[in-house]
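Some notes on the structure that comes next.
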């Protein structure tokens, strides 16, 4: 009993270290949006060309994360997370030292392999080391690393890049990752290894259209968000005048409001249901993106729209995940692993969508494309509640249980 109690007393420090690791990985993904102009100038490339480093990074995570869970189920969790951070740091160091776009892309893509090993493993570790009654709290603590990456990491990195150049914030992330490589084997030792999941078990939830609908919603909503977020420097140029510090304030408004949206989404989902909460959040993003071009010359107006946008965008994760769990609790863990994949695929397709919008309609077209993609996500989520899908899903679940 004493050893168990001591184990649980070590839980909070472990969760905080894992949260810091996800903060580093999340900041690395989102800070590029604010550093895009500086990186493009330094590497003699167009911002749209640099944005494809986000696509390559996200695609690697989306593809490699499921592969890691299938191919390396018996590797100790602390070893796997430390190795992931080491690969992440090496890729980041390559990107920081790059003097050409191809080398930068190679470094960013390689760091994605590290993120693929770390992100799902950290979430699973959080759930496994906490008491059953505190698993939600554990997941919230670790997940806060991603939320704070947007609320604090991206704005601070953008501001730092505006003062000292784009290499310094990325180098700082590499430094923190190196420290964590050393720390995680000590603080996360003894994390239980879960049962291996076969390929059939992993793919089975995708046979249920009620699962595919919220996964597709996630993919499109994340894509709609990132189409605008990644090209924010261009979209808001009229109100920021190209100032990195002012852009950082907009990111800060979006991120801090996003924390609020994430906090209130849980109680709202419990009270009004995942359907209503998700549809309201999706509608909020559509409205915010449609309004954004009308306040482009006002910095204060842009701050307000970014804040509303942040609340709506970050509130969506809770009701969508709630829906995935509610559809089939027996396969909830596997369905939620596909949520992470859908999220990264959404990030990956955002730069090509933004580039196409710029080519076809200029900067003004970017928010319109983001709103349109989000509107499709809204329609898809609503369609997931169709009576035929519910009946078919009930039959599929019966087959799974049997």
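The values are calculated or read from the model by the stated rules, or taken from the named source; none is laboratory data. Every value quoted in this text rests on a predicted model; they were computed, and no experiment measured them. No Cβ is skipped: glycine too gets one built from the backbone with ideal geometry, and neighbour counts run over all protein chains shown.
As for region 9-16, it holds at least one residue that is buried (at least 24 other Cβ atoms within 10 Å of the Cβ), on the phi < 0 side of the Ramachandran plot, in contact (Cβ under 8 Å) with a residue 40 or more places away in the chain and outside the structural domain of residue 344 (by TED's automatic domain parsing). Quick check: anything in region 31-49 at pLDDT below 85 and more than 21 Å from residue 240 (Cβ to Cβ)? No: zero hits.
Per the conditions (1) touching a helix residue (DSSP H, G or I) at 6+ places or on another chain (Cβ under 7 Å); (2) in a helix (DSSP H, G or I); (3) at pLDDT 80 or above, the sole criterion not satisfied by residue 102 is (1). Based on this model, can you work out whether residue 210 counts as assigned to a helix (DSSP H, G or I), outside the structural domain of residue 374 (by TED's automatic domain parsing) and either modelled with pLDDT of 80 or more or over 18 Å from residue 77 (Cβ atoms) (or both)? When the stated conditions are applied, residue 210 does not pass them.
Checked against the criterion of being in a helix (DSSP H, G or I) and either farther than 25 Å from residue 248 by Cβ or at pLDDT below 85 (or both), region 165-177 has no qualifying residue. Check whether at least one residue in region 81-91 is in contact with a helix residue (DSSP H, G or I) (Cβ under 8 Å, 6 or more places away or on another chain), in a helix (DSSP H, G or I) and over 24 Å from residue 189 (Cα atoms), and report yes or no. Checked against the condition, which is being in contact with a helix residue (DSSP H, G or I) (Cβ under 8 Å, 6 or more places away or on another chain), in a helix (DSSP H, G or I) and over 24 Å from residue 189 (Cα atoms), region 81-91 yields at least one hit.
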